[in-house]
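One structure is given here, and the rest of the page talks about it.
The values are calculated or read from the model by the stated rules, or taken from the named source; none is laboratory data. Predicted model only: the values in this text are computed from it and were never measured. A quick note on method: Cβ atoms are made from the backbone with ideal geometry, for glycine too, and the neighbour counts reach across all protein chains shown. For accessibility, only protein heavy atoms count, side chains too; no ligands or nucleic acids. Shrake-Rupley method; radii C 1.70, N 1.55, O 1.52, S 1.80 Å.
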Amino acid sequence: MKLPSCSCSAFKCGKKDRWLNMERPIPFLLIGLTTILSVFILYTLNPLKFVTEHDIDQKLLLIKPHKEEDKCDLFNGNWVPDFKGSMYTNSSCATIPTSKNCFRNGRRDKDFLNWRWKPERCDLPRFDATAYLDIVRGKTLAFIGDSVARNHIESLLCLLSQKEVPVDAYLDSEDRNRIWHFPVHNFTLKMLWTKFLVHGEERVINGSSSGIFDLYLDKVDENWARDLHSLDYVVISDAHWFFRQVYLHRGSNVVACVYCNEANVTDRGVAFALRMAFRAAFSQINHCNKCKSIVTLLRTFSPSHFEHGSWNTGGSCNRTSPYNDQKINFGANEWEIRSMQVEEIERAEKRGKKGKSFGVLDVTMAMLMRPDGHPGAFWGNQWMKGYNDCVHWCLPGPIDVWNDLLLAVLRRLD
């Protein structure tokens, strides 16, 4: 592009009056040298005075993603294609149980691994075992819940073992309560099994188990409560055991039931029974006098995806790709349970005692979209052939995002 020429008459740039006249070079050189020297002295004495717009933009670029990530709703988003696949395989992780090892049990499609969770307004980083182990160094973290909580911890073990292989420190006779230790980071990981969070007793009828339970809302399950004082972090969850006939007791009174169909007892439904159990559990945590400091995260309801029947009536889950958010029914029981859980963790936080903090690991929306992630027929059960597992999750599989989210939440707390 040709620059416009200046008019000499306008600037009075006659032959004898030009600034850059060869007859007067010294004043120009002195002005130039003085300017350069001044700039050098000022910049040397106070370099912050000379931060350019470019420098400021670069610093904001470094700061802004962290700030925006802190504000971002990690739990509201969609699954998007990602052909990096899983961070481990069923060959590289030695701790995958047979029932979750879907590929070993004959599953052939692998496209369900090629998706990642994308929050609406930010990106969720993939799990970083080094960062996770640094955060929990010298700490104890326990998962409190049922077999789905165990599924979660199995995913975490696979991800962490890529960095450090844990020592299997304890196993009870039923393979329900477990302890793993990571000696390099002095990190202890526990599985504390509970069906209902509160104390429950199964009714025995004619000498046989009935599948009917009495739950005592004023007494929590000691299987997890006795270890509470030794924990730094808790990931608590529960739900699936409540989908059966239960009676809720407060003191000596039956105050409600689920699926009981009795004239003198009010059936309050699964969500109510769960609410009362979580409320009792959070109250126990808040009033734990021996607990110096404890972070409690509630992992929200993980939905099943049975189609054409339930688990014992031929229900299956044969899909091979995710739903989008248009498929989610926010009026369904799954979302009602999730909303109740969020209300209860917020209630616990408001009532939080010194040293107690509460947060949520809200996986429900993400997992409602993943009917393709369950073992289905590929769970290797020799005694229950013909039944499908549409409750638990394949390893590797979509459940691994729970630990991406867990790390993101722990980073915000750190």
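For the stretch 135-185, compute Rh as the Kirkwood radius over C-alpha pairs and then the Stokes-Einstein diffusion coefficient at 20 °C and 1.002 mPa s; write the answer in µm²/s, rounded to an integer.
182
For all pairs of alpha-carbon atoms in the stretch 130-252, what percent lies in each bin of width 5 Å, listed from the first bin to the last filled one?
That works out to 2, 10, 18, 21, 17, 12, 8, 6, 4, 2, 0, in percent per bin.
If contacts are Cα pairs under 8 angstrom and at least 6 residues apart, what is the relative contact order of the stretch 282-351 in percent?
Normalised by residue count, the contact order of the stretch 282-351 is 38 percent.
R0 = 41 Å: FRET efficiency of E120 with D172, Cβ-based, nearest 0.05?
So the FRET efficiency works out to roughly 0.45.
Report, to one decimal in Å, the Kirkwood hydrodynamic radius for the stretch 220-355 based on all distinct Cα pairs.
It works out to 17.2 Å.
Name the residues of the stretch 79-93 whose amide N is less than 13 Å from a point 7 angstrom out from the Cα of R104 along the C-beta direction?
The answer is 89-93, whose backbone nitrogens lie closer than 13 Å to the label point.
Here are some pairs, K71/K354; K118/K195; K110/K385; which of them have Cα atoms lying more than 29 Å apart in this structure?
The answer is K118/K195.
Given 10 Å bins starting at zero, what is the percent of C-alpha pairs of the stretch 269-414 in each, up to the one with the largest pair distance?
Computed distribution, short to long bins: 11, 32, 32, 19, 6, 0.
Could you name the aspartates and glutamates in cross-link range of K84, using Cα to Cα under 13 Å and dropping any fewer than eight places away on the same chain?
D111
Relative to the present Cα-Cα distance, how much length would full extension add between E222 and R347 at 0.36 nm per residue of separation?
Between E222 and R347, full extension yields 42.7 nm more.
Using a probe radius of 1.4 Å on heavy atoms only, what accessible surface per residue do you get for the stretch 274-414? Whole Å² is fine.
With the other protein chains kept in place, the stretch 274-414 gives 45 Å² per residue.
Beyond 17 Å, what share of the Cα-Cα pairs of the stretch 320-404 is found? Please give it as a whole percent.
Value for the stretch 320-404 (Cα pairs over 17 Å): 61 percent.
Convex hull over the Cα atoms of the stretch 106-176, averaged projected area in nm²?
The Cα convex hull of the stretch 106-176, projected and averaged over all directions, gives 7.6 nm².
With the full set of protein chains in place, find how many percent of the accessible area of the stretch 80-122 is carbon and sulfur; take the probe as 1.4 Å.
48
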